[in-house]
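*Asks:* Before I ask anything, here is the structure I am working with.
The values are calculated or read from the model by the stated rules, or taken from the named source; none is laboratory data. As the structure is a computational prediction, the values presented were derived from the model and not from experiment. Here the Cβ positions follow ideal geometry from the backbone for every residue, glycine too, while neighbour counts run over all protein chains shown.
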Amino acid sequence: MMTQDWHTRLSHAGRAGTHAHGFVNPPVHRGSTVLNPDIATRMDAGGRRFDQALVYGTLGTPTHWPLEDVVAEIEGGTRCQIVSTGVAAFTVPLLAYLSAGDHVLMPDSVYGPARQFADQFLSRMNIATTYFDPLIAPAALADLFRAETRVLYLESPGSHTFEVQDVPGLAAVAHARGAVVMIDNTWGIHYFQPFRHGCDVSIQALTKYLAGHSDMVLGGIIVNDDEVWQRVRATTLLLGQHAAPDDVWLALRGARTLAVRLDRQMQSGLTVARWLAGRPEVARLLHPAFPSCPGHEYWKRDFSGASSLFGIVLRPEHSRAAVHAMVESLSLFGIGASWGGYESLALPTQGTITRTVGTGDFGGETVRIHIGLEEPADLIADLERGLSVLRGFAG
């Protein structure tokens, strides 16, 4: 049978089928207690708790399972565990593989809450973290491994500064030393297939692109190996992680339009980024699809497309106060910390970026931009007005 396009697969995955009697979308199943007709049925279901067996609300429901199937399909994995938040999507697998005395490697560009979890929680468990230059060569990464290194944690592109990493090269080094490779693939959803490039665990903040409407929070942990699945699933249950069925249902509905939204937002993002790259106020464009972005060669090699989230570095003569005035003057861009929804966002990030390997000085004030579903020409006009505020700022 010919392999179907991902737009087609996304429309049909996790559904009963086109000729099944009933509503197109599966219903919301809310509940804790599950009744069984007899003890034998109960015992059989309990023994199969790692599969899609109806045992108790927190172990999964017919609402959770279709979304898990869809997310696994998107990421190219075999199984997915839905959890309550994007933060839970990285804390659960880290706790599944790390014990007291272990060591984890993380890029210096890692998402802030992941750094905080390592510094404030893992450290209390006597788990050490070493941060490395996100553009490190595999040979140099090898020098950072210790006998007790258990996890290589990646995020590509990096949070706020968008460095693209040599994931296959770094993963090969980790596997040669017996370490598990985890990647936060939220930016690269669909466009980067983690299991083709050596990753063992893929982390998705489903709050972002999959949900698509900025009205709920959710996370997903995707695997491609049964042994990894058993470990992640067991840790999820031990930690009592659970996602509300109503949020799961909303995410499943959002998933049906993910393909068209990603396509539209990628093209709009490229259009706006290209315009910004030519502006005299902009010193540097941090968009993985452009040569000015660190690691662009890896994006070109490993990705099939680009997200609609990117950054800019403004020229050093523009003060932080001027940048704030510019962002506040925008009418179509909201000031918000999330992204991946239908709405455009602009967020000053200089002063909130933590770096312990590099200097954290990027040559000017930085702004993170997310492009939504608005018409690019309208967004460009809004940004042009904002840049005029930037140039005329006299504060």
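*Asks:* With closer than 19 Å to residue 223 by Cβ and among the β-branched types (Val, Ile, Thr) as the only criterion, which of 136, 127, 82 stands out?
*Replies:* Checking each option against the conditions leaves just 82.
*Asks:* Check every one of the helices (runs of 4 or more DSSP H) wholly within the stretch 235-335 and list those with 3 or more residues that are closer than 30 Å to residue 98 by Cβ and at pLDDT 95 or above.
*Replies:* 245-255, 296-302
*Asks:* Which members of the stretch 325-362 meet the condition of being more than 24 Å from residue 106 (Cα to Cα), in contact with a strand residue (DSSP E or B) (Cβ under 8 Å, 6 or more places away or on another chain) and surrounded by fewer than 17 Cβ atoms within 10 Å (Cβ to Cβ)?
*Replies:* Hits for the stretch 325-362 are 335, 336.
*Asks:* If residue 92 passes every condition in (1) touching a strand residue (DSSP E or B) at 6+ places or on another chain (Cβ under 7 Å); (2) over 25 Å from residue 214 (Cα atoms) but one, which one does it miss?
*Replies:* Single failed check for residue 92: (2).
*Asks:* On to the next question. Kindly indicate whether any position in the stretch 8-15 is over 30 Å from residue 358 (Cα atoms) and more than 28 Å from the chain's Cα centre (by Cα).
*Replies:* No: zero hits.
*Asks:* Right, here's the next one. Would you pick out the residues in the stretch 195-251 that are polar (S, T, N, Q) and surrounded by fewer than 24 Cβ atoms within 10 Å (Cβ to Cβ)?
*Replies:* 214, 224, 230, 235, 236, 241
*Asks:* For the stretch 299-322, how many residues meet the condition of being under 27 Å from the mean Cα position of the chain (by Cα) and either buried (at least 17 other Cβ atoms within 10 Å of the Cβ) or charged (D, E, K, R) (or both)?
*Replies:* Selection size over the stretch 299-322: 14.
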